[in-house]
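Here's the structure we're looking at; comments come further down.
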Amino acid sequence: MWYSRLLNMNKIALAIVGVVLLLGAWLVGSYNGFATQSNAIDGQWKQVEVQYQRRFDLIPNLVESVKGLQKQEQKVFGDIAEARTRYSGASSVDQKAAAASQMESALGRLLVIMENYPEIKSDVAVSRLMDELSGTENRVAVERRRYNELVQSYNTSLSIIPGNMLAGIFGFTRRAYFESAEGSESAPKVQF
């Protein structure tokens, strides 16, 4: 009789230990899940910041490059237009010869620029700038979307039972979504 009582007490003790272990494993798993989601959000925000940094590093340099290319081409094209005007307004052979020499000089500079730097064409540079602007903004949008998706998943975990009870115990709080700044519905202007 005492043996069967001892056996029953052992079974009850084992059941209690089993329940405590399961509860402990569940609590640890819940905590680790919240921590993993929180760290994923932090990591994703770093990706958003990387894209912001790329934007701040790349775009001003591209804009300045396009400005420089356009100035260089504008000077050559301005010289060509001036030589043409001088030629059409020339009244003597010497004036026409001087205007023709000026035209040849300007065309020669243009040819040298195009031979040495065939990629230096404003329309190509502007097109590249626009592609980079579009690509950069798309990258930023993708990273923001991923961030918001992680925040949504995390906040949902904190909102549903039993997460809503456990989150407060573990010190996890809701995270804020990325929201557009006021006025962001207007496209940014790029000026040269």
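Values in this text are rule-based calculations from the coordinates and carry no lab data. Note that the structure is predicted; figures quoted are calculated from it, not measured. Every residue, glycine as well, gets a Cβ built from its backbone with ideal geometry; the counts of neighbours run over all protein chains shown.
Remarks
- Remark: spin-label model distance Leu22-Val142 equals 4.5 nm, labels positioned 7 Å along the Cα→Cβ axis.
- Volume of the convex hull of segment 1-52 (Cα atoms only), normalised per residue: 29 Å³.
- Peptides ranked, highest mean first, by Cβ atoms within 10 Å: ranges 14-22, 27-35: 27-35, 14-22
- Total formal charge among the other residues, if their Cβ is under 13 angstrom from that of Leu158, Lys/Arg +1 and Asp/Glu -1: +2
- Ile80, Ile41 arranged by Cβ crowding within 10 Å, fewest neighbours leading: Ile80, Ile41
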